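Data block below; observations after.
The values are calculated or read from the model by the stated rules, or taken from the named source; none is laboratory data. The shown structure was predicted, so the numbers you read here are calculated from the model rather than taken from an experiment. Here the Cβ positions follow ideal geometry from the backbone for every residue, glycine too, while neighbour counts run over all protein chains shown.
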Amino acid sequence: SKPKVFITRHIPREGLDLLKEQVDLEIWDKSEPPPYSILLEKVQEIEGLLCLLTDQIDQRLINHAPHLKVISQMAVGYDNIDVQAATNREIPVGHTPGVLTEATADLTWALLMAITRRVTEAEDYIKQGKWTTWQPMGLLGSDFVGATLGIIGLGRIGRAVARRARGFNLNILYSQPHRLEVGLEQELGVNYVPFEQLLKESDFISLHTPLTEKTYHLIGKNELKLMKETAFLVNTARGGIIDQKALYDTLKQGEIAGAALDVTEPEPLPKDHQLLTLSNVIVTPHIGSASYQTRSKMAIMAAQNLLAGLQGQPLPNCVNY
Ligand code: GLV
Ligand code: GLV
């Protein structure tokens with residue numbers, strides 16, 4: 001008989017097509033994620049789990065899954081999964097790196113441009129009937145040319161952001177635990193600096209690190225204090241990298257110029273959250289990889305990882321083996 005698989009939401013057809021002949025598929029048919037209690041029940045039966053970043057795959061869940069052979073996450077980030085617990089049970093965990101790099105870098109630029117040139121604020125201004133004439137001093141933002149972009153985490157997505165930055169004639173700084181080879185730095189046109197220097201010298205700061213114990217609240221009160229009053233912060237990585245309370249206080253006091261966040265803590269961000277009261281904040285609902293082409297590639301990759309795991313083969317993209 002075919003192996004039982006649970007998919008925690010509808011995913012693009014290109015992924016499902018790869019699976020439907022091969023496995024006994026159950027798809028959670030709602031637009032909201034399955035509650036934890038349902039997941040706990042489902043995993044008792046299945047050999048394969050195809051999950052999303054909205055699912056909490058913790059030790060308890062993993063230990064409730066006696067037949068589970070593979071966890072395949074349709075995302076590059078996997079901070080929602082207790083990988084150690086999976087490894088302890090010799091369960092490979094798959095993810096989808098690479099295919100969403102360009103889409104996420106594109107959205108980073110959309111947010112950076114929108115926050116620095118006040119695009120969403122300007123649109124609101126019109127919709128509120130405030131556009132009475134062209135204003136020589138109204139809705140002024142900041143130029144890119146000659147400014148300095150600081151990239152925290154120069155991995156796949158950080159590099160794609162850096163490549164775009166060169167077209168805008170920005171100076172590019174980066175910071176991360178390990179320096180890249182000089183040849184690669186030169187090719188990307190980036191300069192390695194210590195974290196504090198990046199915070200102090202950048203006009204725009206963009207976060208591209210995974211969320212781990214080390215990066216949790218990496219940007220807090222002290223780091224925000226080091227930033228320029230005119231600086232903008234962009235986050236398309238994970239909400240938990242920023243201490244949002246500290247960010248709110250900093251923005252409220254005018255100690256940085258603005259922030260654009262595609263990721264928040266928690267997600268969804270409650271409608272009445274204090275950050276949403278500020279005009280110099282843009283929040284989007286975690287749409288970094290949300291293009292038709294990219295989501296379809298992610299679904300295919302997740303399906304391939306899942307099938308490999310069910311067959312006892314190495315996963316094409318595995319985080320723990
Ligand atoms: C999205 O945030 C992802 O990790 O793929
Ligand atoms: C602006 O529209 C200009 O013509 O300077």
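All but one of (1) away from ligand 1 (no atom under 16 Å from the Cβ); (2) within 16 Å of ILE157 (Cα to Cα); (3) not hydroxyl-bearing (Ser, Thr, Tyr) hold for LEU224; which doesn't? All conditions are met except number (2). For segment 44-84, taking the residues that are out of contact with any helix residue (DSSP H, G or I) (no Cβ under 8 Å at 6 or more places or on another chain), polar (S, T, N, Q) and within 14 Å of ligand 1 (Cβ to nearest atom), the one that is nearest to ARG156 (Cα to Cα) is identified as ASN80. Checking the stated criteria, TYR125 turns out not to satisfy the condition of being within 16 Å of ligand 1 (Cβ to nearest atom) and closer than 25 Å to ALA260 by Cα. Every condition in (1) outside the structural domain of ASP124 (by TED's automatic domain parsing); (2) assigned to a helix (DSSP H, G or I); (3) surrounded by 20 or more Cβ atoms within 10 Å (Cβ to Cβ) holds for THR250 except the one numbered (1).
Anything in segment 48-91 that is touching a strand residue (DSSP E or B) at 6+ places or on another chain (Cβ under 6 Å) and either among the acidic types (Asp, Glu) or part of a strand (DSSP E or B) (or both)? List them, or say none. GLY48, LEU49, LEU50, CYS51, ILE57, VAL70, ILE71, SER72, GLN73, ILE81, listed by residue number. Selection within segment 33-47: residues that are among the charged types (D, E, K, R) and assigned to a loop (DSSP other than H, G, I, E, B). The member of this set that is farthest from LEU315 (Cα to Cα) is GLU45. Filtering THR230, THR209 for residues that are loosely packed, with under 15 Cβ neighbours inside 10 Å, outside any helix (DSSP H, G or I) and either of a type outside the set (Ser, Thr, Tyr) or in contact (Cβ under 8 Å) with a residue 40 or more places away in the chain (or both) leaves a single hit, THR230. ARG295 versus (1) free of Cβ contacts under 8 Å to residues at least 60 places away in the same chain; (2) within 22 Å of ASP79 (Cα to Cα); (3) of a type in the set (Lys, Arg): which is the lone unmet condition? Tallying (1) free of Cβ contacts under 8 Å to residues at least 60 places away in the same chain; (2) within 22 Å of ASP79 (Cα to Cα); (3) of a type in the set (Lys, Arg), ARG295 fails exactly one: (1).
Within segment 92-107, the set of residues being within 16 Å of ligand 1 (Cβ to nearest atom), of a type outside the set (A, V, I, L, M, F, W, C) and either farther than 24 Å from ILE300 by Cα or not in a helix (DSSP H, G or I) (or both) comprises GLY94, HIS95, THR96, PRO97, GLY98.
Only one entry of ASN305, ASN317 meets the criterion of being in the same structural domain as PRO12 (by TED's automatic domain parsing) and touching a residue at least 60 places away in the same chain (Cβ under 8 Å), and that entry is ASN305.
For segment 275-299, a residue qualifies if it is over 19 Å from the mean Cα position of the chain (by Cα) and either more than 23 Å from ALA237 (Cβ to Cβ) or within 14 Å of ligand 1 (Cβ to nearest atom) (or both), and the qualifying residues are THR277, SER279. Among residues that are surrounded by fewer than 16 Cβ atoms within 10 Å (Cβ to Cβ) and closer than 20 Å to SER206 by Cα, GLY98 is included. Against the test of being away from ligand 1 (no atom under 15 Å from the Cβ), in the same structural domain as LEU276 (by TED's automatic domain parsing) and surrounded by 13 or more Cβ atoms within 10 Å (Cβ to Cβ), the options THR87, THR116, THR133 yield a single qualifying residue, THR116.
Among the residues of segment 39-52, which ones are farther than 14 Å from ALA303 by Cβ and either surrounded by 14 or more Cβ atoms within 10 Å (Cβ to Cβ) or among the hydroxyl-bearing types (Ser, Thr, Tyr) (or both)? Write out each step before concluding.
Step one: list which residues in segment 39-52 are farther than 14 Å from ALA303 by Cβ, which gives 39-47.
Within segment 39-52, LEU39, LEU40, LYS42, VAL43, GLU45, ILE46, GLU47 meet the criteria.
Could you please let me know if GLY15 is within 16 Å of ligand 1 (Cβ to nearest atom), crowded, with 17+ Cβ neighbours inside 10 Å and not in a loop (DSSP other than H, G, I, E, B)?
Values: within 16 Å of ligand 1 (Cβ to nearest atom): yes; crowded, with 17+ Cβ neighbours inside 10 Å: yes; not in a loop (DSSP other than H, G, I, E, B): yes.
Taking the combined requirement at face value, the residue satisfies it.
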